[in-house]
1. State whether one or more residues within the range A:263-273 are within 20 Å of the chain's Cα centre (by Cα) and more than 7 Å from every other protein chain (Cβ to nearest Cβ).
2. Please tell me if A:Gly105 is among the small types (Gly, Ala, Ser), at pLDDT 95 or above and within 20 Å of B:Tyr76 (Cα to Cα).
3. Any residue in the range B:380-387 that is at pLDDT 95 or above, crowded, with 23+ Cβ neighbours inside 10 Å and out of contact with any Ser or Thr (no Cβ under 7 Å at 6 or more places or on another chain)?
4. Evaluate the range B:278-286: report whether one residue or more is surrounded by 24 or more Cβ atoms within 10 Å (Cβ to Cβ), within 14 Å of chain A (Cβ to nearest Cβ), under 24 Å from B:Leu114 (Cβ atoms) and among the polar types (S, T, N, Q).
5. Scan the range A:326-343 residue by residue and report those that are within 18 Å of the chain's Cα centre (by Cα) and in a loop (DSSP other than H, G, I, E, B).
6. Can you pull out every residue in the range A:364-396 that is under 16 Å from A:Gly339 (Cβ atoms), within 23 Å of the chain's Cα centre (by Cα) and not in a strand (DSSP E or B)?
7. Residues B:Gly121, B:Gly109, B:Gly105: which one is surrounded by fewer than 24 Cβ atoms within 10 Å (Cβ to Cβ) and in the same structural domain as B:Leu147 (by TED's automatic domain parsing)?
8. Please indicate, with yes or no, whether at least one residue in the range A:344-358 is in the same structural domain as A:Arg18 (by TED's automatic domain parsing), under 21 Å from the mean Cα position of the chain (by Cα) and surrounded by fewer than 23 Cβ atoms within 10 Å (Cβ to Cβ).
Protein chains: 2
Amino acid sequence: MGVSAKMKRSLEGTSWIRRMFEVGAELAAKHGPGKVCDFSLGNPDVEPPAAFQTALEAVVRERVPHKHGYMPNAGYPEVRAAVAGHLSTELGTTLSAGDVVMSCGAAGGLNAVLKTLLDPGDEVVASVPYFMEYGGYADNHGGSLVLAPTRGDFNLDVAAIEAKIGPRTAAVIVNSPNNPTGRVYPERTIRDLGAMLAAASRRVGRTVYLVSDEPYRHVVYDGVKVPSVFAAYPHSIVITSYSKDLSLPGERIGCVAVHPGAEDAKTVVAAVVTATRMLGFVNAPALMQRVVARLQGLSVDPALYRTRRDRLYDALAGLGYTAARPEGAFYLFLKAPGGDDLAFIRALQDELVLAVPGRGFGMPGYFRLAYCVDEAVIERSLEGFRRAIAKFPAGR
Amino acid sequence: MGVSAKMKRSLEGTSWIRRMFEVGAELAAKHGPGKVCDFSLGNPDVEPPAAFQTALEAVVRERVPHKHGYMPNAGYPEVRAAVAGHLSTELGTTLSAGDVVMSCGAAGGLNAVLKTLLDPGDEVVASVPYFMEYGGYADNHGGSLVLAPTRGDFNLDVAAIEAKIGPRTAAVIVNSPNNPTGRVYPERTIRDLGAMLAAASRRVGRTVYLVSDEPYRHVVYDGVKVPSVFAAYPHSIVITSYSKDLSLPGERIGCVAVHPGAEDAKTVVAAVVTATRMLGFVNAPALMQRVVARLQGLSVDPALYRTRRDRLYDALAGLGYTAARPEGAFYLFLKAPGGDDLAFIRALQDELVLAVPGRGFGMPGYFRLAYCVDEAVIERSLEGFRRAIAKFPAGR
């Protein structure tokens, strides 16, 4: 009984995304890595912008004492100031260094924020389909996730969220551009969400925080803008990372920004810092803090992903697949032909095409493709997609 | 009520070490940074070895696709293999890549391990004085710490630990070289501990894991050897980091090694990997994984710290202070003159000397000095130490 009973349950229900990643490794070992078309993981294939390498080399050459040592748990003051400056423009709310905490990626930031907000038994409302790690994150801190449906177009259903808010609700979490749907929630929806949260907070007698997970903020297409939650609701916390912006997901660097007008904002920031330490993150990696401070506002060119989106979306639509055209991020969420997502992704695996079943996002009957892959992979995959859908004629 | 009630309690009881770090920043701002003698934080003042910079530059120049991308959550296979090879020699037990998980520092590794082992209500036994973050780490996963006393010389009291083991005990945690005492537990004690744990596991009907937190393993003096817990007890997990070995605490890079003969060893490793993901660490920072893989077995020269230890210990003993001479790490744990650790560290603050009270390690009446500071700081501090002890004649 080395592993706890709780952890054993987690192992059994382990992430579909990571499970597919493992299947991919097995198939690659068996058939050769060039044979597998792996759409399972949101691991950007686009290399970091050239300015990243320049900044990294400059930071590595810098002669600074204790350069790899501890700094305040919140991050270097000058890094926080640089991030605050950029986010002020981006979010339309003036932030200072004291409103920003550097984090170990968005996932690390989210955990520090949930530890800050949640008492045991508290709830966090999320909208389906959703990044299922949220459930584990809430559970890490004694909380649980309560799920609201989205609309048919995967836009937020503000009334459905409202119906899930009660006296145990500590926060509502939104993720736009969305993983897995690629949906960007429009400004009007975010405004409605803010107004609803203000009313719901009064109704339930506690401030319900809005936690906005925005790692894909800069990966948007066709001139779509990601509205600012800060403009819509003061009790908001924005969490983002440089993982997708700069193609650095392995480096674990991101940040948390607390709206300065949030209730107890200063205490919330102090608690996020303390939570960062208590959870064992301690601080965001030192070197990468200095690097991203020099690259505020820089992002990989989303046009690189748009080309892939267009090719994949158009080709699959031509083959009879059904999906909403993504407005951002690099995911395509499609109806599973035949209706059984597991059966369908197994049919795709037979074609050496890897996808994640919709149940991995709380929505069976769909599947997700991460199109952050080389265009050659997309081309190579199309015959497999054609053959797979042919096996499920009812799904056409 | 933005911040949870639980977190508010944590904020009130926030780390004494970090509180002193903040006091230091305030005093430095008021009196000038050159005036404050800061012994509060274990932030190595010794720069990383030259080979670190060479390896870092080489890794930064390497042209590898997806170099900053995701890798398996356990770390790069080749990095795990390099670490396993080195630890096999160091711990005297043959390890393979599959026994090692790369972590975000020792703190990140410890949290992944405790999440793996603890069910809600489970207990972890630690020996006082101890690194108080352990309490928060156990609580993160629904567990709690149970404290056993040490012997007068701060060596482990194996019988006292045994007395604390019951059916809720998931693990015993040891930390050698010890923070805050600098004690290295001798091989015979570790052997006795292993034998006791085997018997206690039978008595309570569950395998009690031995978790060994060893970030200071290579910072030892006078030929002292840190014995291997793997040699003493198969149900052991070693957690270490490169923070102190290579003076990189800000980079958050470490590792977890599970004894291959531990009960359910493979499942334990899989659970540590899953816990790493679920807690939001996701993986150890990519770039630093590649760097430390090239530097296995390298460590800063402990002689640099030994010089400081000798100067500080001898000078303070000459002034009438009482402490055990540290065998490793870079901490000196002294009796507080007058017996009240808070009163005494305040007297030191009046002299612009920063220390951490013993209650920050579960042992009031003592105080800790981190002597990972420049020798000039030690020299400058001595007059303050002389004046402070003079105010507490009863303590002499």
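1. Within the range A:263-273, one or more residues are within 20 Å of the chain's Cα centre (by Cα) and more than 7 Å from every other protein chain (Cβ to nearest Cβ).
2. Criteria met by A:Gly105.
3. Checked the range B:380-387: at least one residue is at pLDDT 95 or above, crowded, with 23+ Cβ neighbours inside 10 Å and out of contact with any Ser or Thr (no Cβ under 7 Å at 6 or more places or on another chain).
4. Yes, there is a match, as at least one residue in the range B:278-286 is surrounded by 24 or more Cβ atoms within 10 Å (Cβ to Cβ), within 14 Å of chain A (Cβ to nearest Cβ), under 24 Å from B:Leu114 (Cβ atoms) and among the polar types (S, T, N, Q).
5. Hits for the range A:326-343 are A:Pro326, A:Glu327, A:Ala329, A:Phe330.
6. Those that are under 16 Å from A:Gly339 (Cβ atoms), within 23 Å of the chain's Cα centre (by Cα) and not in a strand (DSSP E or B): A:Pro364, A:Gly365.
7. Being surrounded by fewer than 24 Cβ atoms within 10 Å (Cβ to Cβ) and in the same structural domain as B:Leu147 (by TED's automatic domain parsing) holds for just one of B:Gly121, B:Gly109, B:Gly105, which is B:Gly121.
8. The answer is no; no qualifying residue exists.
The values are calculated or read from the model by the stated rules, or taken from the named source; none is laboratory data. Only a predicted model underlies this, so the values are computations on that prediction, with no experimental measurement involved. Using ideal geometry, Cβ is built from the backbone for each residue, glycine included, and neighbour counts are taken over all protein chains shown.
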